[in-house]
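A.B. asks: The structure under discussion is supplied below as structure tokens; questions concerning it will follow.
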Amino acid sequence: MKNERLIKNAIVIALIFITLWFGIRPIFTREPLKNPLGRKDLDMDENEYATIVIGSEPEGIASALASARTGLKTLLITEDDNLGSYITSSMISKMNPQRGNIANQKVSLNQGIYHEIFGNFEVGFSAEEYKNQVNKLVEKEKSLEVLYNSELIGADYENGIVK
């Protein structure tokens, strides 16, 4: 009976450690995991990335941030010289990204990363406020690199890997 209890306690402690080390720690430290499973396909050279996101619209930024926060080396490619995308180029003067109507019910549209991007804005935020907020979020991520004024014109695919 005591041995059974000891085994159960050891398993619970191991699961808590694994969850904290691999799940919670990367989120708070913002550091990519250094290939914890020993997978050779995750050993990245200087110009290699586990994830490449094309486009700096809010959805692209959210995708790149989510990927980087999981510890994957991520590249965000944008044609623009900043991360403002269509929100700043179309000079939107009024926008309420917080609320929407779905099935005649007012609901919060911002969850997770979208809340980090738009959560502090009032209706009618400026393009400059948006750019500053996005830049702050991107600069925090150590495993995220942004390539500005760039365009993807093609990709080579070899043995299941995009080159």
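A.B. asks: For I61, only one of the following conditions fails: (1) more than 20 Å from F125 (Cα to Cα); (2) outside any loop (DSSP other than H, G, I, E, B); (3) modelled with pLDDT of 85 or more. What is its number?
C.D. replies: Here I61 clears every test but (1).
A.B. asks: Ok, one more. Whether any residue in the range 18-33 is of a type in the set (D, E) and either at pLDDT below 85 or over 29 Å from S150 (Cβ atoms) (or both) is what I want to check. Explain how you work it out, then say what you get.
C.D. replies: Initial filter on the range 18-33 (of a type in the set (D, E)): 31.
Next cut, either at pLDDT below 85 or over 29 Å from S150 (Cβ atoms) (or both) only: 31.
Checking the range 18-33: at least one residue is of a type in the set (D, E) and either at pLDDT below 85 or over 29 Å from S150 (Cβ atoms) (or both).
A.B. asks: Considering each of L137, L83 in turn, give the residue that is part of a loop (DSSP other than H, G, I, E, B), open to solvent by less than 50 Å² (accessible area, probe 1.4 Å) and at pLDDT below 90.
C.D. replies: Residue meeting the stated conditions: L83.
The values are calculated or read from the model by the stated rules, or taken from the named source; none is laboratory data. None of these values were measured; they are calculated from a predicted model. For neighbour counting, all protein chains shown are included, and Cβ atoms are generated from backbone atoms with ideal geometry for every residue, glycine included. Accessible surface is based on the protein model in full, side chains and every heavy atom, while ligands, DNA and RNA are left aside. Shrake-Rupley method; radii C 1.70, N 1.55, O 1.52, S 1.80 Å.
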